[in-house]
1. Among the residues of the range 1-25 satisfying the criterion of being in a strand (DSSP E or B) and within 14 Å of the ligand (Cβ to nearest atom), which is surrounded by the fewest Cβ atoms within 10 Å (Cβ to Cβ)?
2. Could you list, in sequence order, the residues of the range 44-53 that are away from the ligand (no atom under 14 Å from the Cβ) and touching a helix residue (DSSP H, G or I) at 6+ places or on another chain (Cβ under 8 Å)?
3. Assess whether residue 63 counts as being free of Cβ contacts under 8 Å to residues at least 60 places away in the same chain, outside any helix (DSSP H, G or I) and either more than 14 Å from the chain's Cα centre (by Cα) or surrounded by fewer than 12 Cβ atoms within 10 Å (Cβ to Cβ) (or both).
4. Write out, first by first residue and then by second, each pair whose Cβ atoms fall under 9 Å of each other, whose residues are 6+ apart or on separate chains, and whose first residue, in the range 18-31, is within 14 Å of residue 124 (Cα to Cα) while the second is at pLDDT 95 or above and in a helix (DSSP H, G or I).
5. Inspect all residues belonging to the range 19-38 and state whether any of them is farther than 16 Å from residue 89 by Cβ, within 14 Å of the chain's Cα centre (by Cα) and at pLDDT below 95.
6. For the range 69-125, which positions are away from the ligand (no atom under 11 Å from the Cβ), farther than 23 Å from residue 27 by Cβ and in a loop (DSSP other than H, G, I, E, B)?
7. Run residue 144 past the list (1) assigned to a loop (DSSP other than H, G, I, E, B); (2) modelled with pLDDT under 95 and report the number of the one that doesn't hold.
8. So, in the range 105-125, exactly how many residues are in contact (Cβ under 8 Å) with a residue 60 or more places away in the chain and over 10 Å from residue 20 (Cβ atoms)?
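The values are calculated or read from the model by the stated rules, or taken from the named source; none is laboratory data. Predicted model, so just to flag it, every value in this text is computed and none were measured. Note that we place each Cβ from the backbone using ideal geometry, even for glycine, and neighbour counts take in every protein chain shown.
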Ligand code: PNS
C-alpha cells in the first residue's frame, strides 16, 4: 500500500507557501491528504467549506494525488482513522520551530504511531503567512504574488467593505 501523508492546518486561506509544501510532499508520498482543521485555537475568517473549496480550486498539475478533507478533534485520532503514515508540516523560519517542535512531541506522546516530518518551504515563500495576507488585503494592497487569484478575490470580498 502507498504511503499517505496528512498535511493539516488552518489554511485560512491557502497561500503559495502551503501550495509549495503540498507539491513537495506529493513528490515524496503516494498521496497527500490536505486536512482543514475545524479547531486550531484561532478564530478563522473563512468557514471550513470555504477553506476546502479554495484548496480544491487551485490549479493542481494533473496526476497530483491529493485529497482535500477536514477534521475535528485531535489530529492524531484523525491520522489513525485516515490510515495515514505521517504528518507533514512546513517550516519557514526558525521562529516556526518552537511551536512545531512542541506540537510534534505532543502528538507523539498522544500516539507513538504518528510520525511528523518537516518540509522546508521554498525561500520565495518563507515569509508568507495567512495572517499577513489578511492584513495586506484589508489595507488595500495586492496579494497577487502570494495567493491564487480566487483566494485574493475571496479575501477582498470578505475584508473590504
Ligand atoms: O495552520 P495551523 O493553524 O498552524 O495548524 C495547526 C493545526 C490545525 C495543525 C493544530 O492546531 C492541530 O493539530 N489541531 C487539532 C487539535 C489537536 O490535535 N491538538 C493537539 C496537538 S497540539
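1. Here is the first cut: in the range 1-25, the residues in a strand (DSSP E or B) are 4-9.
Still in the running and within 14 Å of the ligand (Cβ to nearest atom): 5-9.
Values: 5: 23, 6: 28, 7: 23, 8: 23, 9: 19.
Across the range 1-25, the extreme among qualifying residues is 9.
2. Within the range 44-53, 50 is the sole residue that qualifies.
3. yes
4. Close Cβ pairs (under 9 Å, with a partner that is at pLDDT 95 or above and in a helix (DSSP H, G or I)) amount to 18/55; 19/55.
5. No, that holds for no residue.
6. Within the range 69-125, 112, 113 qualify.
7. (2)
8. Summing the residues that are in contact (Cβ under 8 Å) with a residue 60 or more places away in the chain and over 10 Å from residue 20 (Cβ atoms) in the range 105-125 gives 1.
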